[in-house]
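Scroll down for the structure; my scribbles are underneath it.
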Amino acid sequence: MTLKRLLIAGCAFLPLFTIRAGDIAPGFLEGHLKIISLKEVELAGGNPSKYTAENYSEYPLIVRSKDRQKEIARVAPDRDGNCRVSLPPGEYVLDVQGRRPGGVRATPQPFAVVSGQTIRVDMSIDTGVR
């Protein structure tokens, strides 16, 4: 009778120790893309340009593995430059498409995602437009 109770009690705790990779809750990355330049571009009408959804869509953000070798996700900022994506827990680097010498300038941002939590990482880019 005592052995039977011990087995039943032990089985009750077994699910607590059985964790599979698919059972881990994702975390979230959210942030804001800021497009900057040293000087506002002036249009023919003399009004400074405004950044629009089209401007933000030209610069998708890329989530890369910690070693920067693998693309994990691609995120398009919304019309206000904000973004949010669900990711498995781990260490990553946030980058922008088109970053290269003579092109878009940005500093890749390392970050870590924790299960069930939201991490905020903002990105500023310089488009080189003067």
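Computed from the coordinates by the stated procedures, all read-outs in this text should not be read as laboratory data. These numbers come from a predicted model, not from an experiment. As a convention, Cβ positions derive from the backbone with ideal geometry for all residues, glycine included, and neighbour counts pool all protein chains shown.
With r defined as the distance between the Cβ atoms of H32 and E71 and R0 fixed at 22 Å, what FRET efficiency is calculated, to the nearest 0.05?
Calculated value: 0.55.
So between S57 and Q109, what do we pick up on full extension, going 0.36 nm a residue minus the alpha carbon distance?
Between S57 and Q109, full extension yields an extra 16.8 nm.
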